[in-house]
Amino acid sequence: MEAAGCRARALLLPLWCCLLAAAPRRCAGQTDLKSPQDIQVYAVNTNFTLRWNYTGNDTDVTFSAEYQWFGDPQTSETEWKELPGCQNVTDTECDFSSAITEYNDRHLVRVRAERKEDKSPWSSVFEMIPYFIAQIGPPEVHLQSINGAIKIQVSHAEPNQVQKMWVTLSSFKYNLVIWENSSDAEVRSQNIFPVDTISDLAPETTYCLKVQATLFFQEGLFSPIHCVKTTRKGENIVWELRKSNARLDVNYLFCPANLKVFALNMQFHLHWNNPYKQHVNYTVQYLLGFFKTLPDDHSVKWLSVPRCENITNTKCNFTSIITVISAFYYLRVQAMSEYNKSCLSKEVKIDPLSTNEFGPPRIRLDISDVLLHVQISPPGGEENKVMRVHYYFSYRIVYWKNSSDNEEEKRVKEIKQTIATISDLTPSTQYCVKVKALSEAYNKTSPFSNEECIKTSPDKMLPLIILATFVSALVAVLVVAVLIIFFLYQAYNKIKYVFFPSCTPPLNIEGFGEQLFGSPYLPTVEEPIESCYVIESIIEEVNQNDFKDYKHSKQSSRDSGNYSNDDDTSGSKGSEGMLEKEII
């Protein structure tokens, strides 16, 4: 028996080895649990929820999460800590709001599945900065129906939180969506303040609304829908009593209406209607717009406008309260009689720089030669520094010739300074000018100033041009005359030299040899042939002594230097020979 058992075990041993080899092995640290997927964090204000998906079919599976906070000075960046509120949870989400205290620091989150001793691999890591992923929660809304309007008060959704996600509460804007509670109601949307009044509503009508908070470009969640029914206005009650001939309290006062603001050159005036027959006084109140941006009730922040308390007229100068030009202001009016007070009027919003209008500038003209100088005094005068600093005025100058021609072209020049110079004007001509101020920043223009006219000076260059022309012509005439005289003089000298030579022969040869001294420029005339005749006469003896004296006299004449050249010498010898012949 024992031998047979041993043989059977020996035969089964290889089979068991084959089965064990074919069966999957589970090494140490291996598990069948899958990792969670699609890790997401949803944040509304300071409430944080971790969510994930799990695709495994395992039962009795729980989930645990860990996180890293990179702003924790007591923890190294590689150390993971258990995430409070997310340990051994059975659902696929958990709330870990208590673990997040710094909303601008970097956080890492991961999740794994667990079943007893088995643990799945960690999921992928979700990285976040809480402030950037958080949504603005729905605000809390409180409504009150009063005098045909709805007073609304909006508060932030985390008023009781010690640690707040949104610390700049004054930067919140609120968007209101309101509609009549009917099937075909028209939905309208408008921006409101934390404490505001919604007017222009139908009396005794149910309205529903919801409010959304926004911060810069981030939009929050809408509040739950609230519905409220409006009451009848005081004016409607009075009208119905009159219509039914019921007795009306003579002391009843209407709300002041039709409030209008007029502002010119930073002088602000409020006007309203007076519907009362009895004697009443008015008080004007104002509120700095900054208080409306705060979530607190600002009803106690309203102040009376100086010199507009208990006044009897229906206008108020409230310039004195405009101390901050860039701020917003709100005004309202209340009427008072001896026995009663009216309800408060509708509020009027004033943005000083946008509400204000410009008066026309003043101008002064001056002329120098043919240049027109325009000096501009800005709207409000030079002393109104507020307007000059904030509006960045530029000026449009229109000028034209003041002539009977109605079609005379008007020219335009735009400048940014208060002094302008206009050139290219016609001398001795009257020009007219008008100017208006412009502000591109506020898209505003003033009316044109009064027209001012001035006549340009005569042209001082014309006499100079005439004088220069005359002098030039005179110089030209003189030059031409000098040239003519010069040429005439030269011609005269030539003619005189040719026809009337200035040199004359010596007295001893005067009338002798005239042909030899003729003009070299004239052609030589043929010398006349002398007719010689032989005269037979008795040769008388001449005293040789007289002849010598004569020769001595002629020799002295030659030595005087008048004719010292050889030709003269030869000529003298010739003459001397002829004289000897004559004597002979």
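Tabulated data
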| item | result |
| --- | --- |
| Accessible area per residue in Å² at 1.4 Å probe, computed on segment 362-455 | 59 |
| Convex hull of segment 382-433 built on C-alpha atoms - directionally averaged projected area, nm² | 4.9 |
| Extension gain (nm, one decimal) between ASP91 and LEU478, 0.36 nm per residue minus Cα-Cα | 127.0 nm |
| CYS308 accessible area, 1.4 Å probe, all protein chains in place, Å² to nearest 10 | 0 |
| Filtered chymotrypsin sites (Phe, Trp or Tyr not before Pro), segment 334-409: DSSP coil and at most 16 other beta carbons within 10 Å | TYR339, TYR392 |
| Gyration tensor (Cα) of segment 45-134, equivalent ellipsoid semi-axes in angstrom | 24, 14, 11 |
| Cross-link table LYS292/LYS346; LYS233/LYS341; LYS229/LYS301; LYS416/LYS444, entries beyond 25 Å C-alpha to C-alpha | LYS229/LYS301 |
| Projected area averaged over orientations for segment 362-455, convex hull of C-alpha atoms, nm² | 6.3 |
| Cα gyration tensor shape of segment 252-355, rounded if a/c is under 1.5, else prolate or oblate by comparing a/b with b/c | oblate |
| Within the accessible area of segment 433-482 (1.4 Å probe), percent carbon and sulfur | 69 |
| Solution diffusion estimate, µm²/s, Stokes-Einstein, segment 140-235, Kirkwood Rh from C-alpha pairs, 10 °C, viscosity 1.306 mPa s | 111 |
| Amide H contacts of ILE363 (H built 1.01 Å from N, under 5 Å, at least 5 apart or other chain) | SER377 |
| Å² per residue, accessible surface of segment 77-118 at 1.4 Å | 59 |
| ASP351, ASP91, ASP60, ranked by accessible area, largest first (probe 1.4 Å) | ASP60, ASP91, ASP351 |
| Rounded accessible area per residue of segment 140-235, 1.4 Å, Å² | 55 |
| Residue order for LEU201, LEU294 - accessible surface, 1.4 angstrom probe, largest first | LEU294, LEU201 |
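The values are calculated or read from the model by the stated rules, or taken from the named source; none is laboratory data. Quantities reported herein were computed from a predicted structural model and do not represent experimental measurements. Backbone-built Cβ (ideal geometry, glycine too); neighbour counts: all protein chains shown. To get the accessible areas, we keep the full protein, side chains included, count just its heavy atoms, and leave off ligands, DNA and RNA. Shrake-Rupley method; radii C 1.70, N 1.55, O 1.52, S 1.80 Å.
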